[in-house]
1. Excluding same-chain residues fewer than 8 positions from A:Lys106, which lysines have a Cα within less than 29 Å of its Cα?
2. Ordered by residue, what ³J(HN,Hα) values in Hz, to whole numbers, does segment B:115-121 give under the Karplus form 6.51 cos²θ - 1.76 cosθ + 1.60, where θ = phi - 60° and Gly and Pro are x?
3. Run a plain Debye calculation on the protein assembly as shown (Cα atoms as equal point scatterers, no solvent) and give log10 I(q)/I(0) at q = 0.09, 0.13 Å⁻¹, rounded to two decimals, same order as the q list.
4. If I fit a long axis through the Cα atoms of helix A:138-169 and take the longest principal axis of the Cα atoms of chain A, what angle between them do I get, 0 to 90°, rounded to 10?
5. Report the net charge of residues surrounding B:Lys244, where surrounding means a beta-carbon distance below 9 angstrom and charges are Lys +1, Arg +1, Asp -1, Glu -1.
6. Using the basic label-point model (7 angstrom from Cα toward the beta carbon), what is the A:Phe109 to A:Ala15 distance in nanometres?
7. Could I have the simple spin-label model distance between B:Asn28 and A:Phe22, label points 7 Å from Cα toward Cβ, reported in nm to one decimal?
8. Beyond 14 Å, what share of the Cα-Cα pairs of segment B:174-250 remains, rounded to the nearest whole percent?
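Every number here is computed from the coordinates shown, using simple stated rules; none is lab data. Note that this is a predicted model, so its numbers are computed, not measured. Here the Cβ is made from the backbone with ideal geometry for all residues, glycine too, and neighbour counts use every protein chain on show.
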Amino acid sequence: MKGARVITYIALTGAQVVIQNFLDSGPWILLSLLPVMIMALDIRYSPVRVMSLAFLMAFAVDFFATGVPGLTIIPLVALAFAREMIIKLVFGSELFARKEDISEHKQGFAKVLTAIFIANLLFFTIFVWIEAAGARDFAFCVARVAGSVLVSTVAGIFAARLINSVEDAGWK
Amino acid sequence: MPRASRRWLVDTVFFALAEFAAILLLANSESAQDSWLDRASKNSMAAIGGWAESTRDYFTLRRQNDSLSRENMELSIRLRTLEEARLRDSVFAPGDRASGMGLYADDSVFRYIPATIVKVSRNSQRNYVVVNKGRADGVLPNSGIISTKGVVGIIESVDEHYSYGISLMNNKMRVSARIGRLGVAAPLEWDGRSSSSAVIKELPRHLELHPGDTVLTSGWSGIFPADIPLGVIGQEREVDGSVKEAEVRLFTDFAALRYVSIVENRHRDSIR
C-alpha cells in the first residue's frame with residue numbers, strides 16, 4: 001500500500017511537470033496539484049518530513065518545468081509548514097489524535113474542499129507575489145491568485161480522490 | 001523545555017533553513033544564468049521540449065508545409081521589390097540596407113542564424129523560449145531572437161546544441177522601440193496580461209499618437225537591428241500626469257512560433 005502511494009505521488013509530480021510544460025492556460029491562471037498533494041500526505045508525518053517532501057517535489061517541478069529553481073519551493077515549503085495549522089483549523093485536533101488521514105468519505109466533502117481551498121490560497125498568494133517580482137500591479141496579482149485558486153481547487157478535489165483511492169484500495 | 005515547544009522550535013528552524021535554501025536558489029537563478037544547476041535544468045527542459053516538438057511536428061506536417069510555402073512567397077516578393085528599388089535608386093552602394101524597405105538580410109553589422117523553436121512557455125510571468133541552435137552553431141548569449149513577425153526574445157544561456165532565452169512575454173525583458181521610422185523612441189515591455197499585447201512606456205505627454213501607428217525596434221540596444229516591426233499602437237493612457245503609455249498589439253503570435261532567426265551584433269564588443 002505504501003509503495004502504491006509513493007508511485008502515485010511520483011506520477012502526480014510528473015503530471016505537474018507535464019501540465020506546466022504543455023498546458024497553455026495563459027497568464028491569468030496557474031494549475032497546480034502540489035498543494036493538495038501536500039495536504040493529502042500521511043497525517044502521521046512530522047512537519048519536518050512534510051517540508052522535506054515539499055522541497056523535493058517543488059524542486060523537481062522547478063527543475064523540469066519552470067526553469068527557475070526556488071520559485072515553487074518557497075511557497076510549497078511554506079504551505080508544508082502551515083499544513084498542521086490548516087488541518088487543525090478545518091478539521092480540529094482530533095484528526096491527529098486519531099491518526100486519521102484526510103478523506104472525503106471520512107470528514108465530508110465540504111471540509112476537504114475548504115482545506116484544499118485554503119492550501120491553494122496560501123500557495124498561490126506566495127507564488128504569484130514572488131513570480132511578479134514587483135513588476136505587476138496588485139489588481140492583476142489578485143485576479144491571478146483568484147483564478148488559479150479556483151481552477152486548482154477543482155482539480156485538487158479529483159487529485160485528492162485519486163490519492164485516497166490508492167490508500168483505500170489497501171483495505172479491500 | 002516542554003516537548004511540544006521543542007518540537008515547534010525544530011519545525012520552525014527547519015522551515016527557516018529550507019526557505020533560506022530556496023531563496024538562495026532563486027537568487028542564483030536570477031543572476032548566474034550559467035550556473036551548473038541552471039544549465040542542467042535548461043538542458044532537461046530542452047530535451048523534453050525537443051521530444052515533444054518532434055511528436056507534434058509529425059502530426060502537423062501539412063499545416064507547416066502550407067505556412068512555409070506562404071512565407072516563402074512573401075520573402076520572394078520582398079526580395080524582388082528590394083532588387084527593383086536598388087536598380088531604381090543608384091545612391092545605395094551594394095550591401096547597404098535599402099531605406100524604407102525594412103529588410104536586413106545582407107546587413108553587415110548583424111549575423112543571422114536560422115533556428116527552430118523547441119519550446120515556448122506562455123503561462124508564466126517569466127516566459128522563456130528554447131531554440132535548437134547552440135554553441136556549436138555559433139550562438140552567443142545576449143543575441144536577439146526574431147521571427148518574420150517581430151521580436152521574440154533574447155538568448156540568456158547557451159548549451160552545445162540548444163539555447164535558452166527569455167521571451168518578450170517575460171517581466172525581465174524590455175525592447176527599445178520607436179513609433180514609426182522617425183518617431184520617438186521608448187521602452188516596450190509585456191503587460192503581463194495577454195499574449196498578443198505589450199505596452200510602450202515613458203512617452204512624452206504632448207506626443208500625439210494615432211491608433212494603428214506601427215511600432216518598430218529602434219536599433220539602439222545593439223541587440224536587435226533597427227526597423228523590425230513589433231506591432232501597432234492601440235489605446236493610450238496617461239501615467240502620473242507626466243508621461244503616457246500605449247498598448248501595442250503585437251504582430252508576433254507566440255502560440256504559433258516555429259521558425260526564428262538568432263541575430264548577433266558583430267560589433268557587440270565595441271559597443272559594450
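1. Qualifying lysines at Cα under 29 Å: A:Lys2, A:Lys88, A:Lys172.
2. Going residue by residue, I get 8, 10, 6, 9, 8, 9, 9 Hz, with x marking Gly and Pro.
3. -0.67, -1.17
4. So the helix axis and the longest Cα principal axis differ by about 30 degrees.
5. -1
6. Here the modelled spin labels are 1.9 nm apart.
7. The answer from the label model is 3.1 nm.
8. 55
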